[in-house]
Every structure is written in C-alpha cells, then in structure tokens.
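Notes to accompany the following structure.
The values are calculated or read from the model by the stated rules, or taken from the named source; none is laboratory data. Everything numeric in this text was worked out from a predicted model, so none of it was measured. As a convention, Cβ positions derive from the backbone with ideal geometry for all residues, glycine included, and neighbour counts pool all protein chains shown. These accessible areas exclude ligands, DNA and RNA; they are computed on the full protein's heavy atoms, side chains included. Shrake-Rupley method; radii C 1.70, N 1.55, O 1.52, S 1.80 Å.
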Amino acid sequence: MTRLTGNALRVTVFIGENDTWHHKPLYSEIVHRAHAAGLAGASVFRGIEGFGASSLIHTTRLLSLSEDLPVAIVMVDTGERVRAFLPQLDELVGEGLVILDDCEVIRYVGRESDPGKADAKGKRSL
C-alpha cells in the first residue's frame, strides 16, 4: 500500500470525453498507466460545461447537447513520481492541457482488506 503524507505534486489533465488512445477512452488509458506506474491515486471527473484551446463550448444543456464533454484526470503523488510519469502524458495527450500544482497531503488512507474491520474512529468499511 502506498503511503503519502506531506508535500506532494498534483497533476491535472484536461481532455475531451471522446479523446481516444488505440480505440480506448484516453482518460482510461491515463488512469491505467498511472496505476501501473505506482502513483498514489488518480480520478476522472466529467465536466458539465467548458471550453479549451478551440474556444468551442461543450455543455450538457439539453438544447445544445455536446457529445464531447470536458474531462479532468487528477493524480497525486510525490514530486519525483509525478515528474517521472510526465513523459507518458506527453506521449498520450495530443490535444489538451496538463497542469502541475504543489499540494500537501494531510490524509491518505486506503480501504481495509477485511470489510468487517472497524477503523480507529469505529467506522466500518463496506
């Protein structure tokens, strides 16, 4: 299990929902590569409205429904591990935006392997 506390680096990748890598969703390929690289975590968030370098607004509003909504992939780990992962993003992201932010991790706890086991606060995982 990866342990992460203190200073860290967050990388956020903004792409379109329809962007692909070898006929797979690009966001899925990024998450799977981040996992294989051992990064502490990655999450994908689907936007409801946005625009990028093309200046074309993509939205979920019914009258102008877009099929290519914005997607953000957020990953966090130590600066060293994130920077080692950047060449993969350079390979994968043809159109989009990649940003880095310094951050501080104050809590990073995974699920217990025993679902009936209570944590220190008495909470049971499902």
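Remarks
- The slack in the chain from His23 to Glu104, taken as 0.36 nm per residue of separation less the alpha-carbon distance, amounts to 25.6 nm.
- Rounded percent of accessible protein surface that carbon and sulfur make up, the stretch 1-59, 1.4 Å probe: 55 percent
- Amide H contacts of Asp19 (H built 1.01 Å from N, in plane; Pro and chain starts excluded): Leu26 sit under 5 Å, all sequence-distant by 5 or more or on other chains.
- Summed side-chain charge close to Pro70 - residues other than Pro70 whose Cβ falls under 11 Å, Lys, Arg +1, Asp, Glu -1: -3
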